[in-house]
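The values are calculated or read from the model by the stated rules, or taken from the named source; none is laboratory data. As the structure is a prediction and not an experimental result, all values here were calculated from the model. Here the Cβ positions follow ideal geometry from the backbone for every residue, glycine too, while neighbour counts run over all protein chains shown. Quick note on the areas: whole protein, heavy atoms, side chains included, nothing else; ligands and nucleic acids left out. Shrake-Rupley method; radii C 1.70, N 1.55, O 1.52, S 1.80 Å.
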Amino acid sequence: MKKRILIIGASGQIGTELTTYLRKKYGSHKVIASDIVEGDATMMKEGPFEILDAMDYDAVEDVVMRYEITDVYLMAAMLSATAEKFPMKAWNLNMNSLFNVLNLARDKKIEKIFWPSSIAVFGPTTPKKETPQRTTMEPSTVYGISKQTGERWCEYYHNRYGVDVRSIRYPGLISYTTMPGGGTTDYAVDIYYKALKHKKYVCFLNAETTLPMMFMPDAIEATVRIMEAPADSVKIRNAYNLAAFSFNPEEITASIKKHIPEFSISYEPDFRQAIADSWPQTIDDSEARKDWGWQHNYSLEEMTREMLENISKK
Ligand code: NAD
């Protein structure tokens, strides 16, 4: 099968692990990593890498044609907390990068697109518990507005031009390979580093802020699974709800204390509290489970064990 993959925004939190996973699966020379900054040593050593600005249509088209790309994973974006500081920059990056790859697919220069959405598409008027696939969506952040708009355009390009675009509303993602890039759930990564190093952590969200979360290997598994699913089983072409587990800072603290009993947390909520308060607490992802067989593997306890073990090794 002729498959050649381009990952745009490969040097970030998800892209780094996605690149490793896809290179193992399809062969290093078939997976081209790209970003505006170089990736880690493994990424640069193990396969092709291009410096590429997702907003530059001609440059993206050039890489696509040169490597005969079939599938694009667009991971470049400005995340929720950073986007609140630079609203217009976030809007331009998050939307223009998406239009560039949608237009390449419309013009039959690529075959398939993965573009990630987020639980940030939901807003304060959305039901917070077991948030359904289809519900009130009035996002209050620039990031959420860009993701919701992106979802509408993905569905439009699929219906109007037959573009094969697939998407997931990721929850907060937790990983130990690459640091997160300016989101509201970043505390749930930082807390493990601080627990090991200082035995204490000052959290920018309050103790009761429950949010949907997922360990990175499950997110990568979901990403590749939806991309490999037969086209007719991907029935939703805006983005699928996706869930593993939810917790608040107090609950993640309790799970860390099982390994580091002296660990303590204190709370100094900042502007990110309002963002978190606008998001759901738990997500109903039954359509992803039904349509393309999604299932998660990791619980909070299993993730905590792996996070502490792997960060200690660093
Ligand atoms: P990240 O910030 O860690 O990585 C984004 C990467 O994009 C960075 O390496 C950055 O250098 C690159 N980039 C920025 N501008 C670029 C440009 N103009 N051209 C090319 N590359 C550029 O983000 P991430 O956490 O890996 O997120 C990837 C995608 O997943 C984003 O769309 C994000 O909105 C979505 N998402 C992430 C999470 C999460 O918890 N990490 C949750 C929901 C959705």
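Restricting the search to region 221-253, which residues are open to solvent by 50 Å² or more (accessible area, probe 1.4 Å) and of a type in the set (A, V, I, L, M, F, W, C)?
A231 - this is the single residue of region 221-253 that is open to solvent by 50 Å² or more (accessible area, probe 1.4 Å) and of a type in the set (A, V, I, L, M, F, W, C).
For region 70-89, give me each residue that is more than 10 Å from the ligand (Cβ to nearest atom) and touching a helix residue (DSSP H, G or I) at 6+ places or on another chain (Cβ under 8 Å). Full working, then the answer.
Here is the first cut: in region 70-89, the ones more than 10 Å from the ligand (Cβ to nearest atom) are 70-72, 81, 84-88.
Within region 70-89, D71, V72, A81, E84, P87 meet the criteria.
The conditions are (1) over 19 Å from S140 (Cβ atoms); (2) within 10 Å of the ligand (Cβ to nearest atom), and L104 fails exactly one of them. Which is it?
It fails just one condition, (2).
Quick one: which residue in A239, A222 is within 12 Å of the ligand (Cβ to nearest atom), under 19 Å from A10 (Cα atoms) and under 14 Å from the mean Cα position of the chain (by Cα)? First the steps, then the outcome.
On the way: A239 fails: under 19 Å from A10 (Cα atoms).
Matching residue, one of A239, A222: A222.
Can you find, within region 171-209, the residue that is surrounded by the fewest Cβ atoms within 10 Å (Cβ to Cβ) among those that are within 16 Å of the ligand (Cβ to nearest atom) and polar (S, T, N, Q)?
T177
Within region 12-55, which residues are more than 8 Å from the ligand (Cβ to nearest atom) and of a type in the set (S, T, Y)?
Of everything in region 12-55, those that are more than 8 Å from the ligand (Cβ to nearest atom) and of a type in the set (S, T, Y) turn out to be T19, T20, Y21, Y26, S28, T42.
Tell me which helices (runs of 4 or more DSSP H) are completely within region 200-314 and hold 3 or more residues being outside the structural domain of S118 (by TED's automatic domain parsing), or say none if there are none.
Values: elements: 216-228, 249-257, 272-277, 286-292, 300-313.
Those helices (runs of 4 or more DSSP H) span 249-257, 272-277, 286-292, 300-313.
Is there any pair linking a residue in region 4-17 that is on the phi > 0 side of the Ramachandran plot and at pLDDT 95 or above to one that is charged (D, E, K, R) and open to solvent by 10 Å² or more (accessible area, probe 1.4 Å), with Cβ under 7 Å and at least six apart or on different chains, and which?
G9/D35
Cβ contacts < 8 Å: first residue within 19 Å of E302 (Cα to Cα), restricted to region 174-186; second residue more than 6 Å from the ligand (Cβ to nearest atom) and part of a strand (DSSP E or B), any location; separation 6+ or different chain. Result?
Listed by first residue and then by second, the contacts come to I174/M213; I174/M214; I174/F215; S175/F215; T185/I174; T185/L211; T185/M213.
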